[in-house]
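The values are calculated or read from the model by the stated rules, or taken from the named source; none is laboratory data. For clarity, every value in this text was computed on a predicted model and none was experimentally measured. No Cβ is skipped: glycine too gets one built from the backbone with ideal geometry, and neighbour counts run over all protein chains shown.
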C-alpha cells in the first residue's frame, strides 16, 4: 500500500493520500466502488510479494450499527471475506472484513443503538499502522513534521490533519503491531511488501517499520 505525503519542506510531512498496491487493478476498482470507499484511496498495480498480515488496517467510523452492517454487507457482496462478524462490544459495534486484494478494513461505531436508518455516510477513515514501538515511531513522525493529536503511552498515537484536510482525507495513527493483529482477528506474522504507499510533497522515505512514503502525484 502506498501513502501520499504533503510537506512544505523535506522535513515537514503530512498525509495527503493513501495508495493500495493490488495485483488486479480492474477488480480492485470494482470492489472499492461497490464498498463505497473509492474516494479515500488510490490504487496501482503491483506484483510485490506479500504474505500474512501486512501490518496495517483502514478503519471506517460511521454513525450507527445499521450503517456498519450496510458497509459490511456491501463489502461481502462485492467479494470480501469476513474476519470478524459485526457485533456489540464495550466500546460500541463493529466488524472486520478483508478485501479480495488482501487489505483489511474495520467498520465501527461508538453507538450501540441506531438513531435513524442506515446511510452510506463515512464520518472518518483512519489508517492504522501496526508498529513494533509506538513511542519510537511517534517521535520519528514528529521529527518529520507531523502533529500528535492523541497519544496513549506506548499503545496508540494519532496525528492531526495535514494540508490535504478534506471530506475524503485519511487520518494517520499508530498501534502496536501485535495488538492490531489481535484486534483484527489475524495472526501477527507476515513478510514481504506492506502493499501500501503514503503520499506527500516531501522527499521519499521509509519509516522504522518499512512503510513507504513517496511524493504525492
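Remarks
- From 44, 30, residue being more than 14 Å from the chain's Cα centre (by Cα), surrounded by fewer than 23 Cβ atoms within 10 Å (Cβ to Cβ) and either assigned to a strand (DSSP E or B) or modelled with pLDDT under 95 (or both): 44
Rundown of residues vs (1) without any contact (Cβ under 8 Å) to a residue 12 or more places away in the chain; (2) surrounded by fewer than 21 Cβ atoms within 10 Å (Cβ to Cβ); (3) over 21 Å from residue 19 (Cα atoms), yes/no style:
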{"site": "59", "(1), (2), (3)": "no, no, no"}
{"site": "64", "(1), (2), (3)": "no, no, yes"}
{"site": "73", "(1), (2), (3)": "yes, yes, yes"}
{"site": "78", "(1), (2), (3)": "no, yes, no"}
{"site": "82", "(1), (2), (3)": "no, yes, yes"}
{"site": "92", "(1), (2), (3)": "no, yes, yes"}
{"site": "99", "(1), (2), (3)": "no, no, no"}
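- Residue within the stretch 136-156 that is modelled with pLDDT under 95, on the phi > 0 side of the Ramachandran plot and either out of contact with any strand residue (DSSP E or B) (no Cβ under 6 Å at 6 or more places or on another chain) or crowded, with 18+ Cβ neighbours inside 10 Å (or both) present: yes
- Yes/no for residue 132 being under 20 Å from residue 176 (Cβ atoms), surrounded by fewer than 13 Cβ atoms within 10 Å (Cβ to Cβ) and in contact (Cβ under 8 Å) with a residue 40 or more places away in the chain: yes
- Test for residue 22: is it at pLDDT 95 or above, touching a helix residue (DSSP H, G or I) at 6+ places or on another chain (Cβ under 6 Å) and under 28 Å from residue 189 (Cα atoms): yes
- For the stretch 163-203, taking the residues that are over 25 Å from residue 38 (Cβ atoms) and modelled with pLDDT under 95, the one that is surrounded by the fewest Cβ atoms within 10 Å (Cβ to Cβ) is identified as 203.
- Filter result (in contact (Cβ under 8 Å) with a residue 60 or more places away in the chain and closer than 28 Å to residue 23 by Cβ) within the stretch 101-126: 101, 102, 103, 104, 105, 106, 120, 122, 125, 126
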